[in-house]
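No value in this document is a laboratory result; all are computed from the given coordinates. None of the values given here were measured: they were computed from a predicted structure. Positions of Cβ are generated from backbone atoms using ideal geometry, with glycine treated the same way; all protein chains shown enter the neighbour counts.
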Amino acid sequence: MKCKELRGLFAHGSEWLQGPEALTKLFAHIETCPICSRNAEGLFGALEEKQSITCERCSSSLPAYYDALHFKEVSEALSENEMLEIERHLAACDRCQEIYEGLVLLAELEERDEAPDR
């Protein structure tokens, strides 16, 4: 794998990273290429930025995310990739994490039949 090819792959997202063979090639190149090894952090940062979701998309997906974590029968509402994107976003975004915590609290209150009337 050449540097130019590697940069091109990163520009197109992470779909190509599926599977151990692709990761092996990626890390082998980074280990043997002095330019890419110096710039690896920037390459991975660019990939992460490309994968991140917006707060709007995250917050609108939170009910389905909660259901997928708590109720197996509805876990098909979000793909595994969407679940990971939301998880990453929640880890990095205090605002969305706060919204999710409110959703969890409300769900727990509803389960105990203590939810406030609307």
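Here are the numbers for the structure shown:
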| quantity | calculated |
| --- | --- |
| Percent of Cα pairs exceeding the 20 Å cut-off, where the set is segment 55-111 | 19 percent |
| Förster radius 41 Å - calculated FRET efficiency between residue 32 and residue 69 (Cβ-Cβ, nearest 0.05) | 0.50 |
| Cβ-Cβ FRET estimate between residue 24 and residue 99, R0 fixed at 22 Å, reported to 0.05 | 0.05 |
| Mean separation of Cα contacts under 8 Å (6+ apart) over length of segment 55-111, as relative contact order % | 37 percent |
| Distance (nanometres) between label positions extended 7 Å along Cα→Cβ at residue 106 and residue 77 | 1.2 nm |
